[in-house]
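Every read-out reported here was derived from the displayed coordinates using simple, explicitly stated rules and does not represent laboratory data. Quick caveat: nothing in here was measured; it's all calculated off a predicted structure. Cβ placement follows ideal geometry from the backbone for every residue including glycine, while neighbour counts extend to all protein chains displayed.
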Amino acid sequence: MTTQLPPGLEIEKLDERIMTLNVGPQHPGSGHMRLIVKVDGDYIVSCDPDPGYVHRGEEKMAEYRNYITNIPHLERPVIHDSCNILYPYCLGVEEILGLEVPERAKYLRVIASELNRCVYTQYWLAIYGIFLGHSTMFMWPAGDRELLIDALEKMTGARVTHAYFVPGGIRNDVPANFEDMLLRRVDYFEKRIKEYAAIFYDNPILISRTRDAGILSREDAIRLGTTGSTLRASGVDFDVRTKEPYDVYEELDVKVNTLKAGDSYARSKIPWLDMLDSCNIIRQAVQKMPKSGSVRVKLKPNPKGGNTEVYKRVESGRGSLGCYIISDSKPEPYRVKMSVGSFRNLICIPYLLKGEKLGNMPAVYWSLNYWPVEADR
Amino acid sequence: MSTEETKPVVKAEAKELPAFEKSIADTLEKKFGSKTTIEFVKPTRIRVKVSKENVLEVAKFIRDELHFDHAESVSGVDYPSQKEIEVVYHLGSYTDPELAKQVLTLATRAPREENPNPGNDSTRLPSLREIFYSVEFHERECFEMLGVFFEGHPDNRRLLLPEDWADLPPLRRDFKIKGR
């Protein structure tokens, strides 16, 4: 036990010109995190992100629960994207326990995770819109995402915290006539999000605020180890769904959207393009899915694996999401580590905001597709 | 009609290691010999264990010669029975399309103290931040969660925990959640 401060916590002396601003954690422009911003006039000299306000110790909690009881709490970091955050955990546990997932469950998993990607992205887009002062862009996505939330509710039984994926398949099969209802909704949803281009993405005010703000070059995107839309907006063609396909993504036609500019505008556009692509993936998956069959394998109570470790990754709404599980032949995992996209993109915040105008801060910060709760875990 | 039963052909278990992954592991083994231990070679996953004295050299080789260019995750794992704390780097590559599906696991170990004093005890490792810039925040998290001090890291501060946290580093096995 120690009460001594670790090195690096000393109080530093500042220049007369420099002013320190605390943005957050209560400020609505920062989410549940604090940005310690030093400004010289209107320009940001340095920015020090201070996450941790919503740290819940998910990884520690996972050491106390068995593989099945870990499911509901591990999805809590991103409840809007709860299928995707559970996906690598379930893939990992399946490898540890040696389970083979039924074919129909694999397709239903893909459908659920693509729907979740859209639901998450709509939520993020609503926040991005309102922080750029575009309140219609808050109302539209917030309303349209209800369409898919309803579809997910029929599928899983819960609006946002689905806990739908379990090692060995999914919790329950979908109701009768689900496919027709889903396709109708997806068609309408696609029509709706195409309308966002006219009001938001082609809007000269948005373009003037976000174009050339916070440019991340291709080399730096790679060096900083960014992921997801941040990486693909800088021209790197990397998507786990195509590079290391899991479940049935190999049989589906997944388009990887990339843009070359690397600025906030490109970063804000990639998730929208991904949503359009998700609609296509859902249609393909519904078409190819076996029309009947089991959706989960029966597990023994308190299942346990051998002395082994796995690292599985999937593409979530915020980029590659890895899960590292160590098993030591006990029903509880020895260690669960979630390497989440938001935490990996955190490194961009000090890097991109340095030298930027303070007014550009929300445009750059939210374009990173950063979800503070997920980064803190 | 023959009464003889046809016996099922017993297939030998595929013992062959995946070729591409094996070639990466062989390159490492050839270059460093006994300095590295290849712990497993599975499809798309290789695990390399290295002592803390050699970790910088091996990591530099992995970046420059094997073209892994970023860290996906840095996890600390506590092994109280072996009196060691392991730090596991999962490295990936964006630049080399052949390596896109590969994840190279680089593991190294630091001595573990019974009564830790993070930053001032022998639980230290060289930081890989000069080699893989992307480990910066991951190593900070590892420092506060397990008390591993990374020498050469420019910013060894707390990240997620409260500033006044004065208990054990919480991801050590001897830190118990109250009430469980």
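Taking θ as phi - 60°, what are the ³J(HN,Hα) couplings along the range B:94-108 by the Karplus curve (6.51, -1.76, 1.60), each to the nearest whole Hz, with x for Gly and Pro? Couplings: 9, 7, 9, x, 5, 8, 4, 8, 8, 10, 9, 9, 10, 10, 9 Hz.
On the beta carbon distance between B:Lys35 and A:Ile207, with R0 = 56 Å, the FRET formula returns roughly 0.55. Most tightly packed first, judged by the mean number of other beta-carbon atoms within 10 Å of their residues, the peptides A:362-375, B:27-40 read A:362-375, B:27-40. If only the Cβ of Lys and Arg carry +1 and only the Cβ of Asp and Glu carry -1, the dipole of chain B around its Cα centre is close to 420 debye. Reported to the nearest whole Å, the Cα centre-to-centre distance from the range A:279-309 to the range A:98-175 is 17. Look at the stretch A:52-64: the mean tally of other chain Cβ atoms within 10 Å of its residues' Cβ atoms is 3. For a test of the definition: using alpha carbon positions, the gyration tensor, and the 1.5 limit on a/c, classify the range A:144-186 as rounded, prolate or oblate. Here the range A:144-186 falls in the oblate category. The Cβ shell under 9 Å around A:Val340 holds other residues with a net charge of +2, Lys and Arg each +1, Asp and Glu each -1. For chain A, taking Cα atoms only, Rg and Dmax work out to 21.3, 71 Å respectively.
Checked against a 18 Å cut-off, the cross-linked pairs A:Lys291/A:Lys312; B:Lys22/B:Lys42; A:Lys38/A:Lys269 give Cα-Cα distances beyond that limit for A:Lys291/A:Lys312; A:Lys38/A:Lys269.
For the range A:301-365, the fraction of C-alpha pairs farther apart than 14 angstrom is 68 percent. When peptides A:56-65, A:229-238 are ranked by their average number of other Cβ atoms within 10 Å per residue, the highest-first order is A:229-238, A:56-65.
Seen against the Cα atoms of chain A and their longest principal axis, helix A:103-131 is set at about 20 degrees.
Mind grabbing the base-10 log of I(q)/I(0) for the range B:16-158 at q = 0.09, 0.14, 0.21 Å⁻¹? Debye formula, identical points on the C-alpha positions, no solvent, two decimal places. Debye curve over Cα of the range B:16-158, log10 I(q)/I(0) at q = 0.09, 0.14, 0.21 Å⁻¹: -0.26, -0.63, -1.29. Taking a Cβ cut-off of under 13 Å around A:Glu179, the surrounding Lys, Arg, Asp and Glu residues balance to a net charge of +4, with basic ones at +1 and acidic ones at -1. Counting only other chain Cβ atoms within 10 Å of each residue's Cβ, the peptide B:81-89 averages 1. For the range A:254-317, the Kirkwood estimate of hydrodynamic radius, built from reciprocal distances between every pair of different alpha carbons, is 16.2 Å. For chain B, adding -39500 (n - 2.57) for each run of n ≥ 4 DSSP H residues and dividing by the number of residues yields -6000 deg cm²/dmol at 222 nm. Its Cα centre serving as origin, the protein assembly as shown has a Cβ charge dipole (Lys and Arg +1, Asp and Glu -1) of approximately 1020 debye. Inter-chain neighbour count for A:328-337: the average number of beta-carbon atoms from partner chains within 10 Å of each residue's beta-carbon is 2. Amide H to amide H, with H built 1.01 Å from N, A:Gly235 comes under 5 Å of A:Leu259, counting only residues 5 or more places away or on other chains. For chain A, the longest principal axis of the C-alpha atoms and the axis of helix A:82-97 are separated by about 50°. Counted by Cβ distance under 15 Å from B:Asp64, the other residues give a net charge of -1, where Lys and Arg count +1 and Asp and Glu count -1. Rounded to the nearest 20, the Cβ-based charge dipole of the range A:26-72 about its Cα centre (Lys and Arg +1, Asp and Glu -1) stands at 240 debye.
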